[in-house]
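Asker: Mind having a look at this structure? Questions to follow.
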Amino acid sequence: MTKDSNSMKLNYDVDSNDFTRAGEASSNIKKILKQLGVASKVIRKVSIATYEAEMNIAIHSYGGKINVEITPKEVQIVVKDNGPGIKDVNLAMKEGYSTATERIRELGFGAGMGLPNIKKCADVFELKSEEGKGTKVFIKIFLN
Amino acid sequence: MELSKVVDELNLEVIAGYNDGKKEVNGAYIGDLLSLVMSKAESNNLWLTIQTHLNVIAVATLVDVSAIIVVENMEIDEDTIKKADSVKVPLLKTKLSAYELASKLAKLGV
Ligand SMILES: Nc1ncnc2c1ncn2[C@@H]1O[C@H](COP(=O)(O)OP(=O)(O)OP(=O)(O)O)[C@@H](O)[C@H]1O
Ligand SMILES: [Mg+2]
């Protein structure tokens with residue numbers, strides 16, 4: 001964690017397939033926002049967005065990072081992974097679309113609602129992906 | 001309504017993370033697909049589910065449900081129990097189905 005007078009930055013590594021630590025980054029982000037006295041409505045949006053992004057890295061990617069910057073105006077979340085990327089981004093954004101395996105579905109994932117959930121919670125949302133390279137999700141949530 | 005009242009009246013088994021049961025309970029949500037629970041469950045809801053993997057604890061804390069109630073007497077992973085204790089999420093259990101429990105909750109006025 002680094003902090004200057006106006007903003008706070010949080011950085012998390014998320015490993016592929018690591019369900020024992022699943023949700024740790026998002027839980028930690030939530031705790032910090034609570035300590036900062038951020039409104040519970042905003043905390044809920046950030047929690048949902050970071051959790052879904054974190055689980056997508058763990059489930060669908062080879063591993064990645066979540067970088068969060070909290071300013072007096074907004075929470076900015078940048079999620080980047082090391083591949084494999086998404087072939088059809090429009091399809092991935094559709095509610096109900098999922099490539100999750102049977103094993104993953106048994107754990108409760110794979111409703112195909114993660115990306116749509118993130119978009120719903122975000123004031124600014126961008127999904128960029130390149131097959132073979134990786135996926136980047138950019139999220140901004142305003143504090144009021 | 002206080003969580004302790006729900007636990008007593010409906011004879012729920014306390015598995016972990018319970019403390020004194022003073023948490024407020026308001027409504028319930030039934031679901032086993034985590035990203036649906038994330039978007040639909042509201043804070044202070046009871047969450048009725050058959051999911052018992054470690055992931056349920058993160059979901060419960062992120063949306064602030066007042067308790068997880070595992071229905072159908074599903075077996076709960078040891079890791080889940082430990083985590084519920086460490087982050088203090090009440091983890092409860094019943095042999096009733098989600099439907100049976102939900103109708104009792106409704107009668108109780110949850
Ligand atoms: N970081 C990623 N890397 C590669 N593919 C991804 C990534 N994130 C999402 N996808 C693809 O997009 C699909 C839809 O993602 P979304 O999060 O909406 O649903 P899901 O993860 O399958 O299920 P849920 O999030 O509801 O548990 C995924 O099934 C997967 O094919
Ligand atoms: Mg997902």
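Asker: Can you give me the three principal axis dimensions of the protein assembly as shown from its C-alpha atoms, in Å, biggest first?
Answerer: 53, 44, 28
Asker: With chain A treated as a Gaussian network of Cα nodes joined by springs under 10 Å, which of A:126, A:102, A:24 yields the largest mean-square fluctuation?
Answerer: A:102
Asker: Taking every pair of alpha-carbon atoms in chain B, give the share separated by more than 19 Å as a whole percent.
Answerer: The calculated P(r) of chain B puts 34 percent of pairs beyond 19 Å.
Asker: Give the order of A:30, B:5 when sorted by the count of other beta carbons within 10 angstrom, beginning with the fewest.
Answerer: If I rank by nearby Cβ atoms, fewest first, I get B:5, A:30.
Asker: Sort A:81, B:64 so the one with the fewest other Cβ atoms within 10 Å of its own Cβ comes first.
Answerer: B:64, A:81
Asker: Provide the per-residue ³J(HN,Hα) series for the stretch A:49-65, in order, calculated from phi with Karplus coefficients 6.51, -1.76, 1.60 and θ = phi - 60°, each as a whole number of Hz, with x at glycine and proline positions.
Answerer: Couplings: 4, 6, 5, 4, 5, 4, 5, 5, 4, 5, 8, 9, 10, 8, x, x, 9 Hz.
Asker: For chain A, find the longest principal axis of its Cα atoms and tell me its angle to the long axis of helix A:24-35, 0 to 90°, nearest 10.
Answerer: 20
Asker: In the structure shown, do any of A:140/B:22; A:73/A:94; A:120/B:23; A:34/B:107; A:34/A:65 have a Cα-Cα gap over 26 Å, and if so which?
Answerer: With Cα atoms farther than 26 Å apart: A:140/B:22; A:73/A:94; A:120/B:23; A:34/B:107.
Asker: Under 1.5 on a/c is rounded, so check that first for the stretch A:1-81, then, if it is not, pick prolate when a/b is larger than b/c and oblate when it is not; a ≥ b ≥ c are the square roots of the alpha carbon gyration tensor eigenvalues.
Answerer: Prolate.
Asker: Kindly work out what percent of the DSSP beta bridges joining two residues of the protein assembly as shown are antiparallel, to the nearest 5.
Answerer: 75
Asker: Can you tell me the order of A:36-43, B:99-106, B:56-63 when each peptide is scored by its average per-residue count of other Cβ atoms within 10 angstrom, highest first?
Answerer: With the highest mean Cβ count within 10 Å placed first, the list reads B:56-63, B:99-106, A:36-43.
Asker: Which of rounded, prolate, oblate describes chain A, given a ≥ b ≥ c as roots of the alpha-carbon gyration tensor eigenvalues and a/c under 1.5 marking rounded, otherwise prolate only if a/b is larger than b/c?
Answerer: prolate
Asker: Another question about this same structure. So which aspartates and glutamates pass the test for residue A:87, namely a Cα distance under 15 Å, with those fewer than 8 places away in the same chain ruled out?
Answerer: A:130, A:131
Asker: Please report how far the C-alpha centroid of the stretch A:11-44 lies from that of the stretch B:71-110, rounded to the nearest whole angstrom.
Answerer: Taking the Cα centre of each part, the stretch A:11-44 and the stretch B:71-110 sit 24 Å apart.
Asker: Go through the stretch B:16-29 residue by residue and turn each phi into a ³J(HN,Hα) via Karplus (6.51, -1.76, 1.60, θ = phi - 60°); whole Hz please, and just put x for glycine and proline.
Answerer: Once rounded to whole Hz, the list reads 6, x, 7, 6, 9, x, 7, 5, 7, 10, 9, x, 8, 9.
Asker: Near the amide H of residue B:41, under 5 Å away, which other amide H atoms are found, from residues 5 or more places off or on another chain, if H is placed in the peptide plane?
Answerer: none
Bear in mind that the values in this text are calculations on the coordinates, not laboratory data. This is a predicted model, so every value here is computed, not measured. Counting neighbours? That spans all protein chains shown, and the Cβs are built from the backbone with ideal geometry, glycine included.
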